[in-house]
1. Pairs under 6 Å by beta carbon, first residue without any contact (Cβ under 8 Å) to a residue 40 or more places away in the chain and farther than 17 Å from Ala331 by Cβ in segment 153-175, partner of a type in the set (Val, Ile, Thr) and outside any helix (DSSP H, G or I), six or more apart or different chains?
2. Please enumerate the residues belonging to segment 237-259 that are in a loop (DSSP other than H, G, I, E, B) and either more than 30 Å from Gly202 (Cβ to Cβ) or within 25 Å of the chain's Cα centre (by Cα) (or both).
3. If I filter segment 272-289 for residues that are modelled with pLDDT of 95 or more, within 26 Å of the chain's Cα centre (by Cα) and open to solvent by 40 Å² or more (accessible area, probe 1.4 Å), do I get at least one hit?
4. Of everything in segment 496-505, what is of a type outside the set (D, E, K, R) and either under 17 Å from Glu525 (Cα atoms) or open to solvent by 60 Å² or more (accessible area, probe 1.4 Å) (or both)? Give them in sequence order.
5. Scan segment 182-206 for residues that are assigned to a helix (DSSP H, G or I) and of a type in the set (A, V, I, L, M) and jot them down.
6. List the residue pairs whose Cβ atoms are under 8 Å apart, where the first residue sits in segment 86-111 and is free of Cβ contacts under 8 Å to residues at least 60 places away in the same chain, the second is aromatic (Phe, Trp, Tyr) and open to solvent by less than 60 Å² (accessible area, probe 1.4 Å), and the two are 6 or more positions apart or on different chains.
7. Being part of a helix (DSSP H, G or I) and open to solvent by 40 Å² or more (accessible area, probe 1.4 Å): is that true of Phe305 here?
8. Considering only residues of segment 441-460 that are within 16 Å of Gly479 (Cα to Cα) and of a type in the set (Gly, Ala, Ser), which is least open to solvent (accessible area, probe 1.4 Å)?
Amino acid sequence: MKPLNMPESRILIRKAAVLGAGVMGAQIAAHLANAGVPALLFDLPAKEGDPNGIAQKAIENLKKLEPSPLAAKDRAAGITPANYDQHLALLAGCDLVIEAISERMDWKQALYEKVAPHIGAQAIFASNTELIAQRATDRRLLDQLETFLTTTLGKGVVRAKDTPNFVANRVGVFSMLATMAHTERFGLGFDVVDALTGPAIGRARSATYRTSDVVGLDTMAHVIRTMDEALPDDPWHKYYQAPVWLKALIDKGALGQKTKAGFFRKVGKEIEVLDRATQTYRASAGAIDPEIAAILALPAPAEQFARLRAHAHPQAQFLWAIFRDLFHYCAFHLATIADNARDVDLAIRWGFGWKMGPFETWQAAGWRLVAEWIAEDVAAGKALAAVALPEWVTTGPAAAGVHLPEGAYSPATNTFRPRSKLAVYARQHFPDPVLGEKPPAGTTILETGAVRMWHTGDDIAIVSFKTKQHTIRSDVLDGLLAAIAEAERNWRGLVLWQTSEPFSLGADLASLGPAVQAGEWDTLEAVVAKFQQTSQRLRYSLIPTVAAVRGMALGGACEFIMHCD
């Protein structure tokens with residue numbers, strides 16, 4: 001691969017191709033189309049008369065997903081279906097070719113041999129996960145590609161080392177395998193485990209077994225096999241095996257969502273789950289024990305972990321065990337799979353939808369104390385591997401944690417690495433923060449008890465709500481009206497942005513309760529009129545108004561968005 005001969009900020013991807021029309025490949029094509037980059041979506045030829053049927057069906061399915069990966073349904077027009085028998089010559093016109101087929105090395109190698117003669121000499125040929133430099137890869141090309149991915153596609157980028165399954169899948173799949181091992185160890189149902197390993201602990205709603213169903217159980221098995229074959233000396237190697245009940249599902253063709261049955265299946269409107277003991281389906285009714293739910297609701301992570309570890313309930317012991325083994329694994333392998341702890345945390349957050357990465361979670365719970373607990377469990381034979389934590393965990397600069405304001409810990413240098421200095425990030429004032437990082441506070445322009453108007457040194461003003469969940473009260477409306485007036489006098493634009501999620505849960509109905517109880521309808525009508533006035537001021541302001549949305553935006557907040565330019 002050669003770097004494109006242009007400045008970093010001007011990398012030109014005029015056309016791209018995605019090899020593989022599975023769920024992942026189709027979504028990559030959607031991201032490209034959203035950014036205005038025409039994409040070819042390749043797969044095997046289908047039946048006669050409809051050779052592009054597989055790819056075309058994948059494109060049509062994008063429109064049905066909720067939430068849809070397409071910014072708008074008409075963006076699907078930017079994706080062209082193709083097949084390997086008739087359209088390989090089209091690869092010559094692509095600046096970027098992304099491989100996204102199943103995790104089987106023999107399939108990948110055969111595909112590479114088929115497409116290589118048709119790819120242009122200046123094209124970038126890449127896998128669909130993190131950025132991984134090969135020995136012959138020009139570093140300038142990586143910088144250019146990272147800039148394109150960040151600026152044009154709006155993606156987060158992690159540079160991984162060339163190790164099996166790289167960073168996100170290496171850690172994420174191990175976490176799933178550890179969860180499966182402890183599912184058996186503590187005798188829990190798949191539905192109970194999914195209740196425990198979803199939003200209750202800050203992870204995706206699909207949790208563990210539902211995620212496997214969505215990915216495809218055959219695909220999961222391929223990824224696991226890669227770890228089994230490529231990591232024979234790994235201390236956790238014996239867990240790089242598909243459990244017997246996973247193999248049984250695959251053997252009978254129950255591959256998850258694509259075959260309408262896996263760990264879960266839908267019968268009419270009811271969801272059923274596979275019973276591990278009987279290998280038959282039953283109604284899914286898994287729930288978190290009330291005592292465990294109360295522990296998970298505690299605001300302090302340190303108290304959560306202490307109570308889970310001390311509690312005798314199988315659900316509590318299960319949760320402590322899956323976290324303990326995840327922390328142990330990440331610490332042991334950090335030096336070989338990633339440059340620093342931040343890259344691991346961001347890869348897992350972006351790739352698996354966790355709110356916090358493994359190192360962030362560990363540090364938030366108390367780095368030193370949790371390290372002591374892990375060491376005790378390893379010595380007692382409770383952990384999945386009988387290897388000690390690496391020395392850097394308890395001695396040296398990282399003995400108090402891997403995330404500090406100056407950067408994230410890197411075992412390779414035994415120092416804390418700052419974020420990338422690429423020019424693209426100098427323009428990114430507010431990257432996804434990891435534990436301990438704080439966004440720039442900026443300079444206050446005006447502030448009330450409900451809103452703060454501020455700037456970061458340019459001529460654009462920002463206004464943020466200070467209310468709980470950024471709800472909209474009468475005093476928020478007053479502050480927003482004042483901010484619009486100030487922006488019209490002295491600033492070139494106004495951005496509505498919150499420094500944390502959600503964007504806003506809409507009107508604070510509780511604040512209107514006293515007026516409702518007292519029958520003060522004039523008061524309510526005045527608030528409604530003020531809200532309408534504020535929306536109109538956003539719409540017809542003398543300066544551009546922009547809603548920068550992250551997280552939920554409900555009710556009145558959604559109206560604000562629609563009224564901004």
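The values are calculated or read from the model by the stated rules, or taken from the named source; none is laboratory data. For clarity, every value in this text was computed on a predicted model and none was experimentally measured. In this analysis, Cβ positions are derived from the backbone assuming ideal geometry, glycine residues included, and neighbour counts consider all displayed protein chains. Surface areas here come from the heavy atoms of the whole protein model, side chains and all, with no ligands, DNA or RNA. Shrake-Rupley method; radii C 1.70, N 1.55, O 1.52, S 1.80 Å.
1. Asp162/Ile132
2. The initial filter retains those residues of segment 237-259 that are in a loop (DSSP other than H, G, I, E, B), namely 240-243, 252-255.
Scanning segment 237-259 gives Tyr240, Ala242, Lys252, Gly253, Leu255.
3. Yes: segment 272-289 contains one or more residues that are modelled with pLDDT of 95 or more, within 26 Å of the chain's Cα centre (by Cα) and open to solvent by 40 Å² or more (accessible area, probe 1.4 Å).
4. First, pick out the residues of segment 496-505 that are of a type outside the set (D, E, K, R): 496-500, 502-505.
Answer for segment 496-505, where residues must be of a type outside the set (D, E, K, R) and either under 17 Å from Glu525 (Cα atoms) or open to solvent by 60 Å² or more (accessible area, probe 1.4 Å) (or both): just Thr499.
5. Taking segment 182-206 first, the residues assigned to a helix (DSSP H, G or I) are 182-185, 190-196, 199-201.
Scanning segment 182-206 gives Val192, Val193, Ala195, Leu196, Ala200, Ile201.
6. Between residues of segment 86-111 that are free of Cβ contacts under 8 Å to residues at least 60 places away in the same chain and residues that are aromatic (Phe, Trp, Tyr) and open to solvent by less than 60 Å² (accessible area, probe 1.4 Å), the close pairs are His87/Phe42.
7. On the way: part of a helix (DSSP H, G or I): yes; open to solvent by 40 Å² or more (accessible area, probe 1.4 Å): no.
Taking the combined requirement at face value, the residue does not satisfy it.
8. Restricting to residues being within 16 Å of Gly479 (Cα to Cα) and of a type in the set (Gly, Ala, Ser), the top hit is Ala450.
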